[in-house]
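J.: Take a look at the following structure, please.
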Amino acid sequence: MGEAREEGEGRKMKTMFKLSLTLAAYAVVACVGLAFVYNATAPIIEASAANEVKGALKVLFPEASDFTDVSSEFGGPSGSIGFDRAFVAVSGDAPIGMIVQATGPTYKSSTLLVAVNMNRTVTKVQFTANTDTPGLGTKTAESPFIDQFFGKKTDDEFKTGADVTAISGATISSKAVAAIIKAAAWQAGDYLAKNHGAAAGSGSAPVVAELAPFTLEAGLAELFPECSFEQLPSDAIANSVERSVVLSEAWLARSSDGSAAGVGIVAKGQTYKASTLLVGVLPDATLAGLRVLATTDSANYGKEMLSPDFYSLFAGKSVADAYLVKPSVPEGDIDSISGATISTQGVANMLKIAAYEGSRYLRSAHGGKAASFAEDPFILNVIPEQE
Amino acid sequence: MKKYLSLFTNGLIKENPLLALMIGLCSSLAVTTSIANGIGMGLAMTFVLLMSEIIISLFRKLIPDSIRIPVFIIVIASFTTIVDLCMKAFTPELSKAMGVFIPLIVVNCIIMGRVESFASKRGIDEVIFDALGMGVGYTWVLVGISFVRELLGAGTVLGFRLLPETVSIGFFSQAPGGFFVFGLFISLNAVLKSVFLKKGAAK
């Protein structure tokens, strides 16, 4: 009985072995066949892909006879604008210019080919991808908007309102496209000057400010310079006004003589999506300032709250101010970030609540000045429902 | 000879893979927006079908029954890759228009079905005619559907404009238009079938 089973198992093993070998043999034959076909076709496929790219480049630089791919040695990304590929256009042996493919955020995102000649002049610009709003942002790819860049010097300003006319209804796209072209053109001019003896330019590389949130430590250090910080117990400062804003942390800043220099309050709440703010409150019932620790709002809109142009507006503001956002409230005291009223309203509400609670704490625990609030300190911005 | 002829014509109408067996429909609906696509897809498919059927028929006695499906897949996948690579190399435009549907020939039910039900049981002579019949049957339907869709949807035939742009009906270029035309072809096939079968019965 036992022997029979053993024999059965042995046969089973043998069949399995045989089957795997058979399958392996078929696979090997197939792979060898494919390897031959691949070897035969790979160079042709590569050549046709390269030709296709060169055909597209030729549209931008018709007088060039060939293009050399210099993507690997071209400069790295400039802020949020990345340079995907770069080609030097050659006529005969002499370089006559270059083409850079750059991708950057516009209303959504755009990819452009920018052609620059040896005189640091933009000769042509062409979109390869544009995911902006059809009929508005996509107009940046069309004449007359795109034409105004042809013939521009790479050292020009490329500023909407100054030397670039924005498309009405698509100012953000217009501004962003101009910035991408400027960044790509400047880098291209620089590369040509360094490597191929083209005309040297003036000025430095365009700085596309990369908006980055603060860390808690950096934010506190900026709001309360030369202070030491201690975290307050979680019940010291809590939001007693509006449930949708959470005051999650509070740090007491002490100046070198040990007196209270203010509190930094971390407020979390809804903006267009969600944001975390650090609000600094001083004992004299004014704000030390605002720093943004995190936001998931839209790029070019709510994300602009990360820009110093916005967050530095609040230092010195009284905690008793209205914190109402124009133009929704015409007599408001805060200007909305362009195109991002909802984000601004969310920030303003968080700011107001944190300021109120912070000054209340400073008054009761550290003898801070009482703010003279209006009768109802808590008229908040009414954030419209989002679609 | 008659046997071969009936094997060949079998795939054209009576057992047309698309209209009668109704297998392998996804690709046929997806790529039939222009005649060039229809021809390209049909030829690519016919090539893979023919080569796979030939190889599997030749080796049918050497393929153990329990692992026949993996072996079929290896064979079909190899030929599909060959077609894909060749199209990329020699007809890059067409290859781009077909996109993912060329690699997806691997999982086309028509090939798997013919290989399993026919090629693995018959000799190479019969298999060649079956594959050609099925391939041509697939191709003519594809070309027919794409002719209607290109003419009505884009107003062109093989890229030449026949109808002015203003009278083209965008619906036919879209997926629903594909289904619509496909339905018409099924009924057309039913008519053809009844005509041919009647003829056969009368004889």
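J.: Just a yes or no: is a residue in region A:312-322 of a type in the set (Lys, Arg), touching a residue at least 24 places away in the same chain (Cβ under 8 Å) and crowded, with 23+ Cβ neighbours inside 10 Å? Can you show your working first?
T.: So in region A:312-322, the residues of a type in the set (Lys, Arg) come out as A:317.
Narrowing further to those that are touching a residue at least 24 places away in the same chain (Cβ under 8 Å): A:317.
From the residues that got through so far, the ones that are crowded, with 23+ Cβ neighbours inside 10 Å too are none.
Checked against the condition, which is being of a type in the set (Lys, Arg), touching a residue at least 24 places away in the same chain (Cβ under 8 Å) and crowded, with 23+ Cβ neighbours inside 10 Å, region A:312-322 yields no hits at all.
J.: Of all residues in region B:1-59, which are basic (Lys, Arg) and touching a Lys or Arg at 6+ places or on another chain (Cβ under 8 Å)?
T.: Of all residues in region B:1-59, those basic (Lys, Arg) come to B:2-3, B:14.
Scanning region B:1-59 gives a single hit, B:LYS14.
J.: What residue, of A:ARG291, A:ARG363, is under 19 Å from A:VAL245 (Cα atoms) and of a type in the set (Lys, Arg)? Step through it out loud before you land on a result.
T.: Details: A:ARG363 fails: under 19 Å from A:VAL245 (Cα atoms).
Result: A:ARG291 is the single residue among A:ARG291, A:ARG363 that is under 19 Å from A:VAL245 (Cα atoms) and of a type in the set (Lys, Arg).
J.: (1) touching a residue at least 40 places away in the same chain (Cβ under 8 Å); (2) out of contact with any Phe, Trp or Tyr (no Cβ under 6 Å at 6 or more places or on another chain); (3) outside any loop (DSSP other than H, G, I, E, B): which one isn't true of A:ASN119, the others all being true?
T.: Of the numbered conditions (1) touching a residue at least 40 places away in the same chain (Cβ under 8 Å); (2) out of contact with any Phe, Trp or Tyr (no Cβ under 6 Å at 6 or more places or on another chain); (3) outside any loop (DSSP other than H, G, I, E, B), the odd one out for A:ASN119 is (3).
J.: Taking region B:65-103 as the search range and keeping residues that are of a type in the set (D, E, K, R) and free of Cβ contacts under 8 Å to residues at least 24 places away in the same chain, which one is nearest to the other protein chains (Cβ to nearest Cβ)? Walk me through it before giving the result.
T.: Residues of region B:65-103 of a type in the set (D, E, K, R): B:65, B:68, B:84, B:88, B:93, B:96.
Cutting the leftovers down to free of Cβ contacts under 8 Å to residues at least 24 places away in the same chain gives us B:65, B:84, B:88, B:93, B:96.
Numbers: B:ASP65: 10, B:ASP84: 9, B:LYS88: 5, B:GLU93: 10, B:LYS96: 9 Å.
Within region B:65-103, the match that is nearest to the other protein chains (Cβ to nearest Cβ) is B:LYS88.
J.: For A:LYS317, state whether it is closer than 30 Å to A:ASP132 by Cβ and either modelled with pLDDT of 85 or more or in contact with a strand residue (DSSP E or B) (Cβ under 8 Å, 6 or more places away or on another chain) (or both). Can you show your working first?
T.: Working: closer than 30 Å to A:ASP132 by Cβ: no; either modelled with pLDDT of 85 or more or in contact with a strand residue (DSSP E or B) (Cβ under 8 Å, 6 or more places away or on another chain) (or both): yes.
Here the answer is no, as A:LYS317 does not meet what is asked.
J.: Testing B:VAL48 on (1) away from chain A (no Cβ under 14 Å); (2) touching a helix residue (DSSP H, G or I) at 6+ places or on another chain (Cβ under 6 Å); (3) among the aliphatic types (A, V, I, L, M), one condition comes back false. Which one is that?
T.: Unmet condition: (1).
J.: Working carefully through the options A:ILE237, A:ILE265, find the one that is modelled with pLDDT under 90 and either charged (D, E, K, R) or surrounded by 18 or more Cβ atoms within 10 Å (Cβ to Cβ) (or both).
T.: One residue alone meets the criteria, A:ILE237.
Conditions (1) in contact with a helix residue (DSSP H, G or I) (Cβ under 9 Å, 6 or more places away or on another chain); (2) part of a strand (DSSP E or B); (3) without any contact (Cβ under 8 Å) to a residue 24 or more places away in the chain, marked per residue:
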{"site": "A:GLY75", "(1), (2), (3)": "yes, no, no"}
{"site": "A:PHE83", "(1), (2), (3)": "yes, yes, no"}
{"site": "A:ALA102", "(1), (2), (3)": "yes, yes, no"}
{"site": "A:VAL114", "(1), (2), (3)": "yes, yes, no"}
{"site": "A:THR123", "(1), (2), (3)": "yes, yes, no"}
{"site": "A:PHE127", "(1), (2), (3)": "yes, yes, yes"}
{"site": "A:PRO134", "(1), (2), (3)": "no, no, yes"}
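J.: Applying the selection to region A:32-45, what residues are more than 8 Å from chain B (Cβ to nearest Cβ) and not aliphatic (A, V, I, L, M)?
T.: Matches in region A:32-45: A:PHE36, A:ASN39, A:PRO43.
J.: Step by step: first the residues of region B:165-203, then only those that are modelled with pLDDT of 85 or more and not in a helix (DSSP H, G or I), then the one that is nearest to B:VAL31 (Cα to Cα). Which residue is that?
T.: Selected residue: B:GLN174.
J.: So which of B:PHE59, B:PHE72 ends up being modelled with pLDDT of 85 or more, crowded, with 21+ Cβ neighbours inside 10 Å and closer than 20 Å to A:ALA24 by Cα?
T.: B:PHE72
J.: Now for a different question. Taking B:GLY123 as meeting all but one of (1) free of Cβ contacts under 8 Å to residues at least 12 places away in the same chain; (2) small (Gly, Ala, Ser); (3) surrounded by fewer than 19 Cβ atoms within 10 Å (Cβ to Cβ), write down the number of the exception.
T.: Against the list (1) free of Cβ contacts under 8 Å to residues at least 12 places away in the same chain; (2) small (Gly, Ala, Ser); (3) surrounded by fewer than 19 Cβ atoms within 10 Å (Cβ to Cβ), B:GLY123 comes up short only on (1).
J.: I'd like the residue in region A:219-251 that is in a helix (DSSP H, G or I) and touching a residue at least 12 places away in the same chain (Cβ under 8 Å) and, out of all such residues, is farthest from A:MET350 (Cα to Cα).
T.: Of the residues in region A:219-251, the ones in a helix (DSSP H, G or I) are A:219-223.
Okay, now just the ones that are also touching a residue at least 12 places away in the same chain (Cβ under 8 Å), so A:219-220, A:222-223.
Working: A:GLY219: 16, A:LEU220: 17, A:GLU222: 20, A:LEU223: 17 Å.
Top of the filtered list is A:GLU222.
J.: Here is a further query. Only helices (runs of 4 or more DSSP H) wholly contained in region B:43-159 count here; list those with 2 or more residues that are touching a Phe, Trp or Tyr at 6+ places or on another chain (Cβ under 8 Å).
T.: B:68-90, B:109-114, B:124-149
J.: Please count how many residues of region B:104-119 are more than 30 Å from A:VAL53 (Cβ to Cβ) and either buried (at least 20 other Cβ atoms within 10 Å of the Cβ) or within 12 Å of chain A (Cβ to nearest Cβ) (or both).
T.: Residues flagged as more than 30 Å from A:VAL53 (Cβ to Cβ) and either buried (at least 20 other Cβ atoms within 10 Å of the Cβ) or within 12 Å of chain A (Cβ to nearest Cβ) (or both) within region B:104-119 amount to 6.
The values are calculated or read from the model by the stated rules, or taken from the named source; none is laboratory data. In this text the structure is predicted, and so the values were computed from the model without any measurement. So basically every Cβ, Gly included, is an ideal-geometry build from the backbone, and we count neighbours across all protein chains shown.
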